[in-house]
Amino acid sequence: MIFVTVGSRNYPFDRLFKKLDDLYEDGTLTDSMFAQTGMSSYKPKHYEYKDFISQDEFSEKINEADIVLSHGASGSIMKALNAGKKVIAVSRLEKYGEHINDHQIQNNEALRDNGYVLMADLELENLGECFTKIYNGTDGLKKWVNKDHMSTVNMIDEFIQENW
């Protein structure tokens, strides 16, 4: 199962959900998927979704998932990595009204450059390739070792979300 999370801030991420439907339509994706769509207005056609879920549901979905697709919020990504999941990170972009700035790019690049996540390019053109690499076992991802830095990560993430 694939779990998609984009957080609960007041910004849509419609282009991501449309792209995921496209990947089902072209046969790249066949696994079941559940998406937490937040403030997006696009309604997925090929997978289950809810706008918002509780923290308990979030934890359940992380545990059920084989792959977690997350926006660039460090807290969401860390929860998935701590649960031993394969993670694909996508960046919300200011130019599309998906966030107030492009800080998620740096978060995602840092985790990608250290080998912990696959990062979709900014226009999501290689998102299907990211899934294919995981399916084929050619993702090259390193196993995340939990160093119990969650409180610091959450503090930084909250600061960024509130101040940028």
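The values are calculated or read from the model by the stated rules, or taken from the named source; none is laboratory data. Fair warning: this is a prediction, and the values are worked out from it, not measured in the lab. Don't worry about glycine lacking a Cβ; one is built from the backbone with ideal geometry, like all the others, and counts go over all protein chains shown. In case anyone asks, the SASA skips ligands and DNA or RNA and just uses the protein heavy atoms, side chains included. Shrake-Rupley method; radii C 1.70, N 1.55, O 1.52, S 1.80 Å.
ASP157 meets all of the listed conditions (1) touching a helix residue (DSSP H, G or I) at 6+ places or on another chain (Cβ under 6 Å); (2) at pLDDT below 95; (3) not in a helix (DSSP H, G or I); (4) not hydroxyl-bearing (Ser, Thr, Tyr) but one, namely (3). hydroxyl-bearing (Ser, Thr, Tyr), open to solvent by less than 40 Å² (accessible area, probe 1.4 Å), modelled with pLDDT of 95 or more and more than 25 Å from LEU141 (Cα to Cα): is that true of TYR42 in this structure? It is false that TYR42 is hydroxyl-bearing (Ser, Thr, Tyr), open to solvent by less than 40 Å² (accessible area, probe 1.4 Å), modelled with pLDDT of 95 or more and more than 25 Å from LEU141 (Cα to Cα). The residue of the stretch 105-115 that is least open to solvent (accessible area, probe 1.4 Å), among those that are within 23 Å of ASP14 (Cβ to Cβ) and touching a helix residue (DSSP H, G or I) at 6+ places or on another chain (Cβ under 9 Å), is ASN108.
For the stretch 63-89: of the residues being among the β-branched types (Val, Ile, Thr) and within 18 Å of TYR135 (Cα to Cα), which is surrounded by the most Cβ atoms within 10 Å (Cβ to Cβ)?
From the stretch 63-89, those among the β-branched types (Val, Ile, Thr) are 67-68, 77, 87-88; that's our starting set.
Subset that is within 18 Å of TYR135 (Cα to Cα): 67-68, 87-88.
Details: ILE67: 21, VAL68: 24, VAL87: 28, ILE88: 25.
The qualifying residue surrounded by the most Cβ atoms within 10 Å (Cβ to Cβ) is VAL87.
Within the stretch 64-98, being more than 18 Å from GLY137 (Cβ to Cβ) and among the small types (Gly, Ala, Ser) holds for SER70, GLY72, ALA73, SER74, GLY75, SER76, ALA80, ALA83, ALA89, SER91, GLY97. Can you name the residue in the stretch 1-37 that is out of contact with any strand residue (DSSP E or B) (no Cβ under 9 Å at 6 or more places or on another chain) and of a type in the set (Val, Ile, Thr) and, of all such residues, is most open to solvent (accessible area, probe 1.4 Å)? Looking at residues that are out of contact with any strand residue (DSSP E or B) (no Cβ under 9 Å at 6 or more places or on another chain) and of a type in the set (Val, Ile, Thr), I get THR30. Scanning the stretch 8-36 for residues that are in a loop (DSSP other than H, G, I, E, B), at pLDDT 95 or above and among the aromatic types (Phe, Trp, Tyr) turns up just one, PHE13.
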